[in-house]
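To start, the structure under review is shown below, and the notes come after it.
The values are calculated or read from the model by the stated rules, or taken from the named source; none is laboratory data. Computed from a predicted structure; not experimentally measured. In this analysis, Cβ positions are derived from the backbone assuming ideal geometry, glycine residues included, and neighbour counts consider all displayed protein chains. The area values use the complete protein model at the heavy-atom level, side chains included, leaving out ligands, DNA and RNA. Shrake-Rupley method; radii C 1.70, N 1.55, O 1.52, S 1.80 Å.
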Amino acid sequence: MVARVLGAAPVLADAIIDQLAAPSDRATDAGAPNGASNEEEAVGMTSKIWKAIWPKERLRQREFFTFGMDVLLKLDLRETRQFFSAFFGLSDFHWQGFLSSRLSFPQLMAFGLALFANSNNQARANLIFKGTPGLVSMFTGLGKTYLPDKKSK
């Protein structure tokens, strides 16, 4: 997660510069100061910055990671060992990609299915039993990422 935050720093900086520069182009002609001139403009600017650092793909990945953490927190020691045995039994692409946050959302879904297939029957039962509530929550959160963006007035 720390690597993700550090990796997003240039994106955040660029988004802030872009938003602060856009009004200044208009402000230069009018002799007004740089930055937002009212709250509505400020909200629009922060919304664009938020979308730059949290694009829909990243929000979908976050939903999957949250679901996974919810499941992990429900496992006891033996179940956790079974989980990680299956996890590190996956291809390097999958487990390294997951840990480095490099997998796209479709790749994360394939990762989840591969993890389930690579688990023993007891671990599968645990994943189904303990993961179903989180799965419902994940799909609810995912649904929000497929809705059209709200337009600011």
Each residue of region 115-120 in turn: what ³J(HN,Hα) in whole Hz from Karplus with 6.51, -1.76, 1.60 and θ = phi - 60°, glycine and Pro shown as x? 4, 4, 5, 7, 7, 7
Theoretical FRET efficiency, 1/(1+(r/R0)^6), r = Cβ-Cβ of Ile53 and Ser85, R0 30 Å, to 0.05: 0.30
Apply the Karplus parameterisation 6.51 cos²θ - 1.76 cosθ + 1.60, with θ equal to phi minus 60°, to every residue of region 136-142 and state each ³J(HN,Hα) to the nearest whole Hz, in sequence, with x for glycine and proline. 4, 5, 4, 5, 5, x, 5
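Which value results when the Cα radius of gyration for region 91-153 is divided by 2.2 N^0.38 Å? Mind showing how you got there, number by number?
Working: Rg = 15.1 Å, N = 63, 2.2 N^0.38 = 10.6 Å.
Rounded to two decimals, the normalised Rg is 1.42.
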Taking every pair of alpha-carbon atoms in the chain, what share in percent sits in each 5 Å bin, from 0 to the bin with the longest distance? 2, 8, 14, 16, 15, 12, 9, 8, 6, 5, 3, 2, 1, 0, 0
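If each residue of separation counts as 0.36 nm, what is the full-extension length gain between Leu6 and Leu113 once their alpha-carbon separation is subtracted?
Numbers: separation 107, 0.36 × 107 = 38.52 nm, distance 2.95 nm.
Residue separation times 0.36 nm, minus the Cα-Cα distance, leaves 35.6 nm.
With all protein chains present, how much of the accessible area of the chain (probe radius 1.4 Å) comes from carbon and sulfur, to the nearest whole percent?
Taking all protein chains in place, the chain shows 64 percent carbon and sulfur surface.
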Within the chain, what is the number of lysine pairs with alpha carbons under 17 Å apart, leaving out pairs fewer than eight places apart on the same chain? 12
Evaluate the distance, in nm, between pseudo-label points positioned 7 Å from the Cα of Thr66 and of Glu39 along their respective Cα→Cβ axes. 2.7
